[in-house]
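Engineer: Supplied in structure tokens, the structure appears directly below.
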Amino acid sequence: MAARKKRSIFEIVEQYFEGMEEGVERLGETLTEKPSWNCRACTMEPLHNIMIAPDEVTVTVDLPFAEEKAIQVKPIDVNTIEISAKMRRTIRFEDFGITHYRGEFQTFHCRMYIPVPVRMEKMETRFKRGMLEIRIPR
Amino acid sequence: MSGEVKIIEKERISTNAVMLFGFPDVGLVGVIAAAHLISELKLDEVAFLDSELLPPLIVLHEGLPHSSIRVFGNNEVLLAVSETPVSADVIYPIMNALIDWGKSKNVKMMISLSGIPIEQRQDAEKLEVFAAASSPEMLKMVQDKGVEVLKEGYMVGPQAIMLQRCANMGTPALTLLAQCFLNYPDPEAATEVLKGLEKVTGIKVDTSKLLEKGEEIRLRARDVMKRTQQELSKMKKAQEYDIPVYVS
């Protein structure tokens, strides 16, 4: 039988933190599991992402069917922005072949937390091919 | 491990077909392209994958249960498609079982359809398609047909497993990758990968509907895209951006 390799203290600490990270990740996924739509508010949550560069934060939001003139981006506080966008057409569950839910949606809505300090007053937006891009200097 | 994954055949499976793979990945390029191929070529479900390695999930269509990983086909094409992202923990046995099954059907070639993310995708006027191959002969074939080769880099996900296993088994295989969004469903990229497929295999479909329905597809695919992002992050997909150390 081969001798069992002795692990260094660094390997043990690294493994401990990896295990902890996985646990936190799983917990986060469980807590954030929710539908991407809200029937009461008639809103859908768009796909969105955030990229943090040394000099600015770029947020992108996928807004198919959104009307460019009806897109609003509002700072809620120093670290949070709220995005809402009216759609050109009403979307119903039936449009996706779903008959066990009832509801229709006219607006995209989401709030995003910016995890680094930014200068909200310098925020710039552009909308191209249904994709909203928000750039906020740090 | 492959023994834990069963491919159940529903119909007689043709031999000498081209086997395609459309699995959730960046931009959902493969899944969108696969859904379009099934619709345009009117492919029937010919087999499905059964395994306790998969999560306790079925897909309901018209009130009836279906496996989330199915094979559609006709005499010329076999198309393996997954409607949900496959977890990094089980991707090897799932892909190996599908590849071994395809090999047992004497498929003449395996091709996975996928994407390669680019920055500033919304500003890209033309999306390029790249190919990686299982052998120098396959590489020459795609180059002769006008598809650019992805020369250096890393590949992460189902297509990586497919290409490596086929290279080991001596089965001709390709991965076609269209430039795309990383985290957003990309029907335009799916259109381009289908054009690449046509160049390589002659399998032709009208892609105009894919572009016409682009916004609807993006809306419909949000939830699958979100779950795919989570799995891709576990697979360390961002490694595809890394510059490799060249070891000859």
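Engineer: Please go through segment A:80-120 and give me each residue that is charged (D, E, K, R) and in contact (Cβ under 8 Å) with a residue 12 or more places away in the chain, ordered by number.
Structural biologist: A:Glu82, A:Lys86, A:Arg88, A:Arg89, A:Arg92, A:Arg102, A:Glu104, A:Arg111, A:Arg119, listed by residue number.
Engineer: Now for a separate question. Output the residue which, of all residues in segment B:140-168 that are assigned to a helix (DSSP H, G or I) and farther than 22 Å from B:Gly202 by Cβ, is farthest from the other protein chains (Cβ to nearest Cβ). Before the answer, list the steps.
Structural biologist: Of segment B:140-168, the ones assigned to a helix (DSSP H, G or I) are B:140-144, B:158-168.
Applying the additional criterion that residues be farther than 22 Å from B:Gly202 by Cβ yields B:158, B:160-161, B:164-165, B:167-168.
Numbers: B:Pro158: 21, B:Ala160: 23, B:Ile161: 23, B:Gln164: 26, B:Arg165: 28, B:Ala167: 31, B:Asn168: 27 Å.
Ranking the qualifying residues of segment B:140-168, first place goes to B:Ala167.
Engineer: Taking B:Ile203, is it over 17 Å from B:Ile118 (Cβ atoms), in contact (Cβ under 8 Å) with a residue 40 or more places away in the chain and within 14 Å of chain A (Cβ to nearest Cβ)?
Structural biologist: Considered against the rule, which asks whether it is over 17 Å from B:Ile118 (Cβ atoms), in contact (Cβ under 8 Å) with a residue 40 or more places away in the chain and within 14 Å of chain A (Cβ to nearest Cβ), B:Ile203 comes out as no.
Engineer: Determine whether B:Phe181 is touching a strand residue (DSSP E or B) at 6+ places or on another chain (Cβ under 7 Å), aromatic (Phe, Trp, Tyr) and either within 14 Å of chain A (Cβ to nearest Cβ) or farther than 25 Å from B:Thr228 by Cβ (or both).
Structural biologist: yes
A quick yes/no check of all residues on (1) touching a Gly at 6+ places or on another chain (Cβ under 7 Å); (2) surrounded by 24 or more Cβ atoms within 10 Å (Cβ to Cβ); (3) modelled with pLDDT of 95 or more; (4) under 20 Å from B:Leu197 (Cβ atoms):
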{"residue": "B:Val26", "(1), (2), (3), (4)": "yes, yes, no, yes"}
{"residue": "B:Ala35", "(1), (2), (3), (4)": "no, no, yes, yes"}
{"residue": "B:Glu62", "(1), (2), (3), (4)": "no, no, no, no"}
{"residue": "B:Pro65", "(1), (2), (3), (4)": "no, no, no, no"}
{"residue": "B:Ala88", "(1), (2), (3), (4)": "no, no, no, no"}
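Engineer: Let me spell it out: the conditions are (1) within 30 Å of B:Arg12 (Cα to Cα); (2) touching a Cys at 6+ places or on another chain (Cβ under 6 Å), and B:Gly115 meets all of them except one. Which number is the exception?
Structural biologist: (1)
Engineer: Is it the case that B:Glu52 is touching a helix residue (DSSP H, G or I) at 6+ places or on another chain (Cβ under 7 Å) and of a type in the set (D, E, K, R)?
Structural biologist: The answer is yes for B:Glu52.
Engineer: Taking B:Asp50 as the residue in question, decide whether it is surrounded by 22 or more Cβ atoms within 10 Å (Cβ to Cβ) and at pLDDT 90 or above.
Structural biologist: Spelling it out, it is not the case that B:Asp50 is surrounded by 22 or more Cβ atoms within 10 Å (Cβ to Cβ) and at pLDDT 90 or above.
Engineer: While we're looking at this one, here's another question. Could you check B:Met110 against (1) in a strand (DSSP E or B); (2) buried (at least 24 other Cβ atoms within 10 Å of the Cβ); (3) at pLDDT below 95 and say which number it fails?
Structural biologist: (3)
Engineer: Okay, moving on. Name the single residue that is nearest to the other protein chains (Cβ to nearest Cβ) among those in segment B:206-223 being aliphatic (A, V, I, L, M) and in contact with a Ser or Thr (Cβ under 7 Å, 6 or more places away or on another chain).
Structural biologist: Top of the filtered list is B:Leu211.
Engineer: Next question, about the same structure. Do we find that B:Glu137 is more than 14 Å from chain A (Cβ to nearest Cβ) and acidic (Asp, Glu) in this structure?
Structural biologist: Here the answer is yes, as B:Glu137 does meet what is asked.
Engineer: Among residues belonging to segment A:32-87 that are within 12 Å of chain B (Cβ to nearest Cβ) and farther than 15 Å from A:Leu132 by Cα, point out the one that is modelled with the lowest pLDDT.
Structural biologist: A:Thr32
Engineer: Against the condition crowded, with 24+ Cβ neighbours inside 10 Å, in contact with a Phe, Trp or Tyr (Cβ under 9 Å, 6 or more places away or on another chain) and within 14 Å of chain A (Cβ to nearest Cβ), how does B:Ala189 come out, does it pass?
Structural biologist: So B:Ala189 passes the test.
Engineer: Inside segment A:31-48, can you point out the residues that are under 21 Å from B:Phe181 (Cα atoms) and part of a loop (DSSP other than H, G, I, E, B)?
Structural biologist: A:Ser36, A:Glu45, A:Pro46, A:Leu47
The values are calculated or read from the model by the stated rules, or taken from the named source; none is laboratory data. Note that this is a predicted model, so its numbers are computed, not measured. A quick note on method: Cβ atoms are made from the backbone with ideal geometry, for glycine too, and the neighbour counts reach across all protein chains shown.
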